[in-house]
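**Student:** Can you read through this structure? Questions will come right after.
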Amino acid sequence: MLIDRCLCLGVTFRQLKEQADRTAHTRLEDLQVVMPFGTGCGLCKPYVREMLRTGVTEFDRIITDSGDA
Ligand code: FES
């Protein structure tokens, strides 16, 4: 199963990447100002950081704030 979105708020990482590309936001905190994500359980945040770093929008592995699990 691919992980491709903030499940709590239903926003896909692809949508977040498109918004980040449009606005040139490179930090999660800046992107949160213009898109609703990450304010529920917060488990999507490490994925969004990885997305901002690499451009990848679908993940087949668990990523936590302390690194890959
Ligand atoms: S999955 Fe994004 S806040 Fe819960």
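Every number here is computed from the coordinates shown, using simple stated rules; none is lab data. A quick note: this is a predicted structure, and the numbers were derived from the prediction, not measured. Every residue, glycine as well, gets a Cβ built from its backbone with ideal geometry; the counts of neighbours run over all protein chains shown.
**Student:** With the structure loaded, tell me whether Cys6 is touching a strand residue (DSSP E or B) at 6+ places or on another chain (Cβ under 7 Å) and within 11 Å of the ligand (Cβ to nearest atom) or whether it fails that test.
**Tutor:** Taking the combined requirement at face value, the residue does not satisfy it.
**Student:** Also, I was wondering about something else. Which residues, taken from segment 26-56, are more than 10 Å from the ligand (Cβ to nearest atom), in contact (Cβ under 8 Å) with a residue 12 or more places away in the chain and more than 21 Å from Ser66 (Cβ to Cβ)?
**Tutor:** Hits for segment 26-56 are Thr26, Leu31, Val34, Met35, Gly55.
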